[in-house]
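S.K.: Please see the structure below; I have some questions.
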Amino acid sequence: MLRGDDAIERAFGLTLVPGGPMYDASIHFSGRSIVIELEAVSQTGFDAATLVRGMMSRLGEAQDMTRFFAEGARQVRALTDFDRVMVYRFDREGSGEVVAESLKQGVDSFLGLHYPASDIPMQARALYLRSTFRIIADVKGNVVPIVPTLDIDRQPLDQSISILRAVSPIHLEYLRNMGVGASLSISIIVDGRLWGLFACHHYSPRLPSFAQRIAAELFGQMFSLTLEGRERRAGSDYEAQARAIADRLMAAVAQDGALLADAAWLGEIISTTVPADGVAVYINGTVETSGKTPNREQLHALARLLNTNAGGQVFATDWLASLTADAADYAATASGMLAIPLSRAPRDYVILFRTERLRKVRWGGNLQKEIELGPNGPRLTPRKSFEEWSELVKGRSEPFTAAQIRVAETLRVALLEVLLRLSETAGDDRRRAADRQVILIAELNHRVRNILALIRGLISQTRDSSLSAEAFVATLDDRVQALARAHDQLTSDRWGPARLIDLIRTESEAYLGERRQRVTHSGVNVLIDPTAFTVMALVIHELMTNATKYGALSDDGSVEIEWEIEPSGSLIVKWTESGGPLVEPPSHRGFGSTIIENSVPYDLGGTAQVEYPAGGLTARFCIPSRYIAHVLEDYAPALPIAPKYMIESDLLAGEIVLLVEDSMIIALDGEDALIDIGAREVFTAPSVVRSLALIEEGRISFAVLDYNLGGETSVSIAEQLLARGYRSSSRQAMERLWNCRDRLKAQLSLRSPIMP
């Protein structure tokens, strides 16, 4: 029937010799030997199972852990009839505390007393795990030797789980010092670890019957299982709450990785399940704190200490000074620490701190043991005084419980998962960004080549032997300006669809001045694709230019522009001139006429019809529906037209101008434009260093700045100018520039479309 290591079987009421007394037997293996231990039967008719079942029923009625422990002690005393039964619990360091007891009247109470770990050495604790029941019937009883001394393998018999074996003389002396005549202990084992003991004392020799002892051992096992279940239920409820907190934390950090460095937010989240007085977040050598924590220098030292000594798991202590002597300097602020590692070495940490908790500990006797000579040389003697001895414990915090450490481990795994996801997301983002950059560069290259080809075409087609050099430059400049204005409108909407009415108004305002009132327009509020927008910009520009030079707007006539959406979804745009000089079909078709008549059919696949009746030119354009992005329900309103600023040659009269531009060609063009509007002198600079040097000379009255200057920006130049602007003369110039900024921008754009 014996199964596994340390298995023990019992038999009751055996008759070994005919007519002789009956014996109770305990049988187990020891190496290759079978050990049979016999005791004369002292009690019959004892039903241990029924008795223990009743004991467990009463134990189950306990509502809280305090009552549970007290009821356990009461049941064991009722069963064994010992004078004192204590429930003795170990802490993580091995020290013990009496958490419950049941006493015979007149016996001193040990409830609440603490005992040092040295009272029960590690080898004794290991034995309590193997042999869960131990009795000393008479601490003054004679010790009987084993015969023979050695077994068949010439080894001493291993008596670890023998129920009749003697105990250490030191332990017997310890009990005699307490005045105890007999003792009994029952191990309380939870999750495979020695949680504590039922420690029973009697002040005279006492040996409960074999059946009583078996019942007490069985009750100890049932008590341990019940305690384990209660702790697991409490831990399960607590950890379920912690998992909910972890899920909340994961969801928040996954949405915003910056929260991981927010010590106040982390502290608020975590402290709902793991109470703490302060939180520090140590990431990439940067420290953020909230609440009561050591200072930054001390935190860096702690992080180095953790990286040196702690593994990749949660580390907790209620006595920081035991790790580093420096912790004594800030013990009042932080005596306990729980560190949650967030990465591999060198690690980042979320560290919870607890302040010092001064507490008075009641010890069962003075902890100091005296050394005296014994039969085996110098040794520690058992304590001879068991009177209560108090100690004020300093430099320690409220300990972190096992459940809180498990919660912290759950949070560690959750945070690592979030960090892994963020890392993967960042990697994906980097890859996507690299892919987008490749596509963007290819698209940019394609567009630049198209623009250069378009400019080259404009130059080639504008060239006409009948035009003077000045007329050629002016005509080419007008066409480039038309394209620039169209691109400005498209890029303001991130190269998305733009309103047709804005295109028409922009072209009307660019050249007509006061005559813009003679251009009327009406139609649906339609947004057209960028491709169609660019094409129509050139078409409208050429129509407007022709009308200004030769058509209705060159005289007292007017232009009416109408547009509508056909049932097919195509956009129809009509141009009608009236009241101007008599019109005749052109004898020579130049580039402008070619743009008007062929751009829409060629580039967009639509139609263009241009007629030249005597009363004024008319044109009709059909833009296919695929280029119509959206039609708003309201009609395009007649928006107020911004004031038209004509070039004022004295706008910058007498001013000394700083022009910051990193492109030499644009700088030269801008310099000419500024001279044209009155600047007395223009200094150009391609960089911040050169600009600041010119400003330092003290001659600049105001400046025009390009923001991007290769690998730097002009922000520092603007700041320097603003700082100097508080001098009266420069300040007046700055205010004047601010007041005329719109006119300056408009006028410079006429000269250099890229510059604004």
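What follows draws every value from the coordinates through simple rules; no lab data is involved. All values reported here derive from a predicted model rather than from experimental measurement. Neighbour counts run over all protein chains shown; Cβ positions are idealised from the backbone, glycine included.
S.K.: In whole Hz and in residue order, list the ³J(HN,Hα) couplings for the range 118-131 that follow from phi through the Karplus curve 6.51 cos²θ - 1.76 cosθ + 1.60, θ = phi - 60°; x for Gly and Pro.
M.R.: With coefficients 6.51, -1.76 and 1.60, one gets 5, 5, 10, x, 4, 5, 5, 5, 4, 5, 5, 6, 7, 10 Hz.
S.K.: Next question, about the same structure. Would you please classify the overall shape of the range 134-216 from the alpha carbon gyration tensor, given that a ≥ b ≥ c denote the square roots of the eigenvalues, rounded means a/c under 1.5, and beyond that prolate means a/b larger than b/c while oblate covers the rest?
M.R.: Numbers: a/c = 1.77, a/b = 1.24, b/c = 1.43.
Oblate is the answer for the range 134-216, as a/c is 1.5 or above yet b/c matches or exceeds a/b.
S.K.: For Leu632 and Tyr707 in one chain, what is 0.36 nm times their gap in residues minus the Cα-Cα distance, to one decimal in nm? Let's see the in-between values first.
M.R.: Working: separation 75, 0.36 × 75 = 27.00 nm, distance 3.59 nm.
Result for the pair: 23.4 nm of gain on full extension.
S.K.: Could you pull out every one of the aspartates and glutamates with an alpha carbon less than 12 Å from that of Lys394, ignoring same-chain neighbours closer than 8 positions?
M.R.: Asp318, Glu356
S.K.: Indicate the gyration tensor shape class of the range 503-628 (rounded, prolate or oblate), computed on the Cα atoms with a ≥ b ≥ c the square roots of the eigenvalues: a/c under 1.5 is rounded; otherwise a/b larger than b/c is prolate and the rest oblate. Don't jump to the answer; show the numbers that get you there.
M.R.: Details: a/c = 1.74, a/b = 1.40, b/c = 1.25.
Judged from the Cα gyration tensor, the range 503-628 comes out prolate (a/c at least 1.5, a/b above b/c).
S.K.: Still on this structure, please answer the following. Karplus couplings for the range 263-273 from phi (6.51 cos²θ - 1.76 cosθ + 1.60, θ = phi - 60°), rounded to Hz, Gly and Pro as x?
M.R.: 4, 5, 5, 4, x, 5, 5, 6, 5, 5, 10
S.K.: Tell me the label-point distance for the pair Asp237, Ser42, using the 7 Å Cα-to-Cβ offset, in nm and rounded to one decimal.
M.R.: Label-label distance for Asp237 and Ser42, simple model: 4.3 nm.
S.K.: Please report Ile623, Ile186, Ile163 as a ranked list, fewest other C-beta atoms within 10 angstrom at the top and most at the bottom. Don't skip to the answer; put the middle values down first.
M.R.: Values: Ile623 26, Ile186 29, Ile163 20.
With the sparsest Cβ surroundings first, the list reads Ile163, Ile623, Ile186.
S.K.: Just want the ordering: Val52, Val139, from fewest to most Cβ atoms lying within 10 Å of their own Cβ. If you can, show how the numbers build up before the last one.
M.R.: Values: Val52 23, Val139 20.
Ranked by crowding around the Cβ, least crowded first: Val139, Val52.
S.K.: At a Förster radius of 30 Å, what calculated FRET efficiency corresponds to the Cβ-Cβ distance of Tyr612 and Ala653, to the nearest 0.05? Please list the in-between numbers first.
M.R.: Details: r = 46 Å, r/R0 = 1.54.
Once rounded, the FRET efficiency stands at 0.05.
S.K.: If I model the range 195-275 as equal point scatterers sitting on the Cα atoms and use the Debye formula, what is log10 I(q)/I(0) at q = 0.23 Å⁻¹?
M.R.: The calculated log intensity ratios at q = 0.23 Å⁻¹ are -1.07.
S.K.: Please rank Met56, Met544, Met337, fewest neighbouring Cβ atoms within 10 Å first, as an exposure proxy. The partial results should precede the final answer.
M.R.: Values: Met56 16, Met544 24, Met337 27.
By the 10 Å Cβ count, ascending: Met56, Met544, Met337.
S.K.: Shifting gears a bit: For the range 48-233, what number results from the quotient of the Cα radius of gyration and 2.2 N^0.38 Å? Numbers along the way, then the final one.
M.R.: On the way: Rg = 16.7 Å, N = 186, 2.2 N^0.38 = 16.0 Å.
The range 48-233 yields a ratio of 1.04.
S.K.: For Glu719 and Glu564, FRET efficiency with R0 = 45 Å and r from the beta-carbon atoms, rounded to 0.05?
M.R.: On the way: r = 52 Å, r/R0 = 1.16.
The formula returns an efficiency of 0.30 here.
S.K.: Could you calculate the contour length gain from Leu225 to Thr66, that is, 0.36 nm times the residue separation minus the distance between their Cα atoms, to one decimal place in nm?
M.R.: Details: separation 159, 0.36 × 159 = 57.24 nm, distance 1.68 nm.
Once the chain is fully extended between Leu225 and Thr66, it gains 55.6 nm.
S.K.: Follow-up question, since we're still on this one. Over the Cα atoms of the range 125-282, what radius of gyration and what Dmax do you get, in Å?
M.R.: Every Cα atom of the range 125-282 included, Rg and Dmax give 25.4, 76 Å.
S.K.: Here's a follow-up. Are there GluC sites (Glu not before Pro) in the range 43-145 that DSSP puts in a loop and that have at most 15 other Cβ atoms within 10 Å, and which ones?
M.R.: Glu61, Glu93
S.K.: Grab the beta carbon distance between Ala469 and Met664, set R0 = 25 Å, and tell me the FRET efficiency rounded to 0.05.
M.R.: Numbers: r = 23 Å, r/R0 = 0.91.
E between Ala469 and Met664, to the nearest 0.05, is 0.65.
S.K.: Once label points are set 7 Å from the Cα along Cα→Cβ at both Leu14 and Ala332, what is their separation, rounded to one decimal in nm?
M.R.: 6.9 nm
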